[in-house]
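Below you'll find the structure, written out as structure tokens, and then a few comments.
The values are calculated or read from the model by the stated rules, or taken from the named source; none is laboratory data. Note that the coordinates shown come from a computational prediction; the quantities given were computed from them, not determined experimentally. Glycine also receives a Cβ, built like all others from the backbone with ideal geometry; neighbour counts cover every protein chain displayed.
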Amino acid sequence: MKFFIDTANLDQIREAQELGVLDGVTTNPSLMAKEGITGKDNIFKHYKKICDIVDGDVSAEVIATDFDGIVREGEELAELHEQIIVKVPMIKDGVKAIKYFSDKGIKTNCTLVFSPGQALLAAKAGATYVSPFIGRLDDISTDGLNLISEIRMIYDNYGFETEILAASVRHTMHVIDCAKIGADVMTGPLSSIVGLLNHPLTDIGLEKFLADHKKGN
Ligand code: G3P
């Protein structure tokens, strides 16, 4: 299972990278805005900075919503760095653009996916990753994890190679449940990754080991 961090915050990306378990980064326009990164030049520079920190895939989202605009923007983003994955929304022109990019060998992440049918379309169009937003489904009393299971079944039935990137992960249990179900990737905040470290018995056990060692020396 790949671990991506879902942020545009360079310090948090560095911290996850230094832990040694990071496989990539996802961003979106809201996360960029949260860091105060605005304007095309600054946004592009920021993507390059992220690519310099991590070794893996870095999702960069297009703003255009028409086919020509998505293609133009996506090609510019893909030119920026070999680690860039063009993130395209699940809309009609987005699906067409994913197919176009796939035929050209440009990797894509189909975002804002909330149903198995949308995930099927993304795979048919040749998306590299599909991003079902589990937290936002949970927010409206719908089982986000169930969507991951349904997509897993559909992709396995037909051997689709599109990787299931569980997005809108909010906490450690989402990560664990996604791992049980067989999501290929999860993307979440730093807290959902480092939170996996914690167990009180680890802390108690370590304290005792160190105290016993001190007694014997
Ligand atoms: O990867 C998608 C993600 O950024 C959305 O997360 O927490 O805003 O629903 P959230």
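Observations on the model:
- Across region 77-95, the qualifying residues are those that are charged (D, E, K, R) and closer than 21 Å to LEU112 by Cβ, and the one among them that is surrounded by the fewest Cβ atoms within 10 Å (Cβ to Cβ) is LYS92.
Here is a yes/no grid of residues against (1) β-branched (Val, Ile, Thr); (2) more than 20 Å from PRO132 (Cβ to Cβ); (3) within 16 Å of the ligand (Cβ to nearest atom):
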{"residue": "HIS46", "(1), (2), (3)": "no, yes, yes"}
{"residue": "GLU61", "(1), (2), (3)": "no, no, yes"}
{"residue": "ASP66", "(1), (2), (3)": "no, yes, no"}
{"residue": "GLU73", "(1), (2), (3)": "no, yes, no"}
{"residue": "MET90", "(1), (2), (3)": "no, no, yes"}
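- Positions within region 139-172 being under 23 Å from THR26 (Cα atoms), within 16 Å of the ligand (Cβ to nearest atom) and of a type outside the set (Val, Ile, Thr), in sequence order: ASP139, ASP143, GLY144, LEU145, LEU147, GLU163, LEU165, ALA166, ALA167, SER168, ARG170, HIS171
- Region 187-199 residues that are assigned to a strand (DSSP E or B), paired with ones that are among the charged types (D, E, K, R) (beta carbon under 6 Å, 6 or more apart): THR187/ASP6; GLY188/ASP6
- All positions within region 160-195 that are buried (at least 24 other Cβ atoms within 10 Å of the Cβ) and over 13 Å from the mean Cα position of the chain (by Cα): THR162
- Single match in LYS34, LYS92, LYS48 (criterion: at pLDDT 95 or above and under 26 Å from GLY195 (Cβ atoms)): LYS34
- The lone exception for ILE13 - which of (1) outside any helix (DSSP H, G or I); (2) touching a residue at least 40 places away in the same chain (Cβ under 8 Å) it fails: (1)
- Selection of region 141-166 for residues being over 13 Å from SER115 (Cα atoms) and either basic (Lys, Arg) or not in a helix (DSSP H, G or I) (or both) yields SER141, GLY159, PHE160, GLU161, THR162, GLU163, LEU165.
- Filter result for the condition that a residue is in contact with a strand residue (DSSP E or B) (Cβ under 6 Å, 6 or more places away or on another chain) and at positive phi, over SER141, SER131, SER168: SER168
- Any chance THR26 is buried (at least 17 other Cβ atoms within 10 Å of the Cβ), among the hydroxyl-bearing types (Ser, Thr, Tyr), under 22 Å from THR172 (Cβ atoms) and in contact with a helix residue (DSSP H, G or I) (Cβ under 7 Å, 6 or more places away or on another chain): no
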